[in-house]
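Heads up, the thing below is written out as structure tokens.
The values are calculated or read from the model by the stated rules, or taken from the named source; none is laboratory data. Quick caveat: nothing in here was measured; it's all calculated off a predicted structure. Every residue, glycine as well, gets a Cβ built from its backbone with ideal geometry; the counts of neighbours run over all protein chains shown.
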């Protein structure tokens, strides 16, 4: 039985939750009133919290956490957070994917099943890679719910799932996560489960996914639609894919008829994965300019030392430059300098797909940084399109912070 803490808000601090925002910040909590019935917060870390107004009106229920965000709301109705809740909540997320994504992309068997606040389950990520579900709990509350989450997945997906893998602390810096090891919560021991279980298909292109060693859950599923757009523009172009990771954009560009693609990343694991994925899709690779190269080096250094006019299509998709608000100013400067280099070096008439996945940098800030970059490079630049995350990464309309991925398609004269 879960321990339940009653969290009381200060007078006038209930407006946000009444508008269905799923976060209760510590500054909104009446600490004196809350501690009268729960003097030791540590006992309730990761447990269930019921949120009440100053006048004792029930407002929501969720996971309690010691930190800046004290409660993440799971339901605005008074209900028990039990196994039936998880089946219902994850089932709603699955229904959205079945009706929209899986119908529209029948040649795709990897997708995000649960996207945190976007699916009203803050702190929980579940990605599906063919017959494997990879769970990332980003809060202690979600970590403590893993058994119920796994049971719900098995009930909803049945024999479509052969394995459930938990990717917890290895890729999370959250202070609310305990030191649980990554590992399988379920894995088939049948001999017919061969190495092909790590191969997935996205829009007809095959990828080898390593959810155990790879970043995040193993692949950046949020770029699926943007990769498809690169494919549409790649024919006969010379392509540079910076911060390439496992080569997602590179493979799409080659499928779209690119002359060649240079894939650049500082990670040896990433470059080995690019080569593996090129081979998997029967593309050759080499070491000379004009061949499909996989280059292990710092992407910014590579761009800085690059001669002008070597490429007429670039993908600039760096990791998050700012994970906290305090780093925002430096991040904007980094985005400006990086994009100025790309704009300066690309061939006339070239295209740049440029992105930011920093949540604290909104789309307006990012566009301003790219504008400053164009001015710094002293070239005429047009915006041909604005890019964002796909439908399996939904944004809760009451939680606009969930729109973390933003990008621009640039035409450089």
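Numbers for the structure displayed
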| read-out | value |
| --- | --- |
| Residue match in segment 364-378 (condition: more than 25 Å from residue 304 (Cα to Cα), under 21 Å from the mean Cα position of the chain (by Cα) and buried (at least 16 other Cβ atoms within 10 Å of the Cβ)) | no |
| Segment 258-279: number of residues that are more than 24 Å from residue 319 (Cβ to Cβ) and out of contact with any helix residue (DSSP H, G or I) (no Cβ under 9 Å at 6 or more places or on another chain) | 2 |
| Residue that is surrounded by 16 or more Cβ atoms within 10 Å (Cβ to Cβ), over 23 Å from residue 398 (Cα atoms), over 27 Å from the mean Cα position of the chain (by Cα) and at pLDDT 95 or above, where the choices are 30, 56 | 30 |
| Residue match in segment 292-314 (condition: within 24 Å of residue 390 (Cα to Cα) and either free of Cβ contacts under 8 Å to residues at least 12 places away in the same chain or in contact with a helix residue (DSSP H, G or I) (Cβ under 6 Å, 6 or more places away or on another chain) (or both)) | yes |
| Selection status of residue 246, free of Cβ contacts under 8 Å to residues at least 60 places away in the same chain and surrounded by fewer than 16 Cβ atoms within 10 Å (Cβ to Cβ) | no |
| Test: residue 67 is over 19 Å from residue 202 (Cβ atoms) and at pLDDT below 95 | yes |
| Extreme residue, farthest from residue 104 (Cα to Cα), among residues of segment 371-387 that are in contact (Cβ under 8 Å) with a residue 24 or more places away in the chain and assigned to a strand (DSSP E or B) | 381 |
| Matching helices (runs of 4 or more DSSP H) fully within segment 63-181 where at least 3 residues are more than 21 Å from residue 220 (Cβ to Cβ) and without any contact (Cβ under 8 Å) to a residue 40 or more places away in the chain | 83-96, 146-157 |
| Residue within segment 97-118 that is modelled with pLDDT of 95 or more, in the same structural domain as residue 165 (by TED's automatic domain parsing) and more than 28 Å from residue 208 (Cα to Cα) present | yes |
| Residues that are within 25 Å of residue 82 (Cβ to Cβ) and in a strand (DSSP E or B), drawn from segment 10-40 | 23, 24 |
| Residues of segment 323-347 classified as part of a loop (DSSP other than H, G, I, E, B) and out of contact with any strand residue (DSSP E or B) (no Cβ under 7 Å at 6 or more places or on another chain), total | 3 |
